[in-house]
Every structure is written in structure tokens, then in C-alpha cells.
Amino acid sequence: MSTPRLSDLRRRDFLHFAGSTAALLALAALPVAALAQSQGGGAPLKIGTIGAGREGGSLGTLFAKAGHPEQLKELVDSAGPNPKAGTVADAVAFADVVLLVVPYGAVEQIGKDYGPALAKKALVMDVSNPTARSGEEVVKMAEQLGGAGLATAKLLPGAHIVRAFNAIGATQLPQLAHRQGEPVGVPIAGDDKDALAIAERLIKEIGFEPVAVGGLAMGKYLNVGTPLAGVHTPDEIRKIAATLK
């Protein structure tokens, strides 16, 4: 089965301009030294983000305040002493962990430009989604490759990918982090046990409860408009995921 070529994507599809405080930055990246120890006492991690926009900005602020900072110039002032603005190449070269928060149509080009380097990272957290806003061609490509998750793995060969934070609204993240009582669950999907463990650690550090729902084949359900989208408790996520397998 042939895969639609995305090489004709316009430059603006790769250099995504965000509609939030990051509106003046395109596909910004922030390489950062993570200063905080993990809850389990693990070594600090260096985190870099590829992407801009509200989701990247919200996650960036949370990771920055937890000692695992982020990306955008506007975030440097608001997120504390940890952030440092840079380029995509800077982030990839610096980071142990890369957060991928881009329009899904840009993933193929990122793989071409940085694939070998990304394959050396302990974790690539895939926050990107193939949605109607990505364009019909991109959605079709992802579906033909098995849905988001398996598609990202094909586009970033060798990368240790975990999908996470794909369907909680960016504006909700700051309010939901460290929620009183039962924490908000974050469904995650991945095939690499070590990468999953790192993702779980980071998600817990910013005040959420990770819930592994399966391998990357389940990644297609971690998208807007699916039963797992939105705000759920960990138990609710487990029950929903069981109906999708």
C-alpha cells in the first residue's frame, strides 16, 4: 500500500505559528538542564522541546516549574530560572528527552532532518496529532501507517516514542496539574519499557497520573475526538482503554 508523500508540504506547515503567547515564534525549541531530581531519586534529565503553540507552552511551563524546562522566549520570563530559548537543532543536540509538539504534517520533515539524532534519545514524547487541521493527506497517511503512534515510529525510525498529553486541552493543563484529591490521568502508549518509565516519571513530577494503555498501536486512540480524549481519572482511563483493545 503506497504512502502519500508529504514532501510538498508548504514551509508554513513545518514552521507552525502558534495562536497564543508563542505567536511570534515558529517551531521554537528550548534545550534545558533539568535541575530537579525525580521523585524516585533518579538523575536529572535534560529536556528539549520541538514545537510551539498553546500545548507546548502549557507543558513547557509545567516542566519548567518542576525543574524540567522548555522552549519559548515568552516562557523564559514566566517559567522561572530554568528555560533557555534555542533552535530545533540546539534542543535535539542537548536533550536526553525530546517533546514533539508540532503540526503532524511536520513530523516527516523532522524525521528527515533529525531522525538519527532523535533515535539516540532516551525518550521522544509525541504530543502531536493527525487531525482535520493537519489536512486530509496527513490524516490519510497516518491511517495507512496504523494511526498516530505507529505512524510516528515509521517517520522517526529507531526513536523511543511514547505518546502522551494528546487530548487534554492546553488551557486546562495548569489547573489540572497537582489537582486536589484523585489526580487527573494521562493515557500513554509506547513499546519501549525504558521510555515508558521515563515518561511516567516526568508526568508524575508535573502533577498527573500516567496510565499505560498499551503499545504504539494504541496510539491512534490518544487523539482528540476519541473516547480517551478529555479529562478522566486513572480508573476511567483503564476502563475506556479496555473497550478499545
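Since every read-out is calculated from the coordinates, none of them should be taken as a lab result. Since we're looking at a predicted model, the values are computed, not measured. With ideal geometry, Cβ positions are generated from the backbone for all residues, glycine too; neighbour counts draw on all protein chains shown.
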Exercise. Once phi is turned into ³J(HN,Hα) by the Karplus curve 6.51 cos²θ - 1.76 cosθ + 1.60 with θ = phi - 60°, what whole-Hz value does each residue of the range 217-229 show in order, with x for glycine and proline?
Worked result: 4, 7, x, 5, 8, 9, 7, 5, x, 9, x, 7, 6
Problem set entry | Too-long pairs where the Cα-Cα distance tops 31 Å, listed order kept, from Lys121/Lys220; Lys121/Lys245; Lys65/Lys154 | Lys65/Lys154
For this session: Show me 129-142, 170-183, 198-211, 152-165 ranked by packing, highest mean number of other Cβ atoms within 10 Å first.
Result: 152-165, 198-211, 129-142, 170-183
For this session: Quickly work out the Thr226-to-Ala93 label distance, labels modelled 7 Å from Cα along the C-beta direction, and quote it in nm with one decimal.
Result: 3.5
Exercise. Under a 5 Å amide H to amide H cut-off, with H placed in plane at 1.01 Å, what residues pair with Lys46 once short-range neighbours are removed?
Worked result: Ala34, Asp96, Val97
For this session: Beta carbons within 10 angstrom, averaged per residue: use that to sort the peptides 216-222, 107-113, highest first.
Result: 216-222, 107-113
For this session: Starting from the Cα of Leu244, move 7 Å in the Cα-to-Cβ direction to define the label point; list residues of the range 185-217 whose amide nitrogen is under 12 Å from there.
Result: 186-190, 211-217
For this session: Would you kindly derive the ³J(HN,Hα) couplings of the range 133-141 from the backbone phi angles with the Karplus curve 6.51 cos²θ - 1.76 cosθ + 1.60 (θ = phi - 60°), listing them in order in whole Hz, with x for Gly and Pro?
Result: 5, 6, x, 4, 5, 5, 4, 5, 4
Problem set entry | Placed amide H near Val211: partners under 5 Å, 5+ positions off or other chain | Val186, Ile188
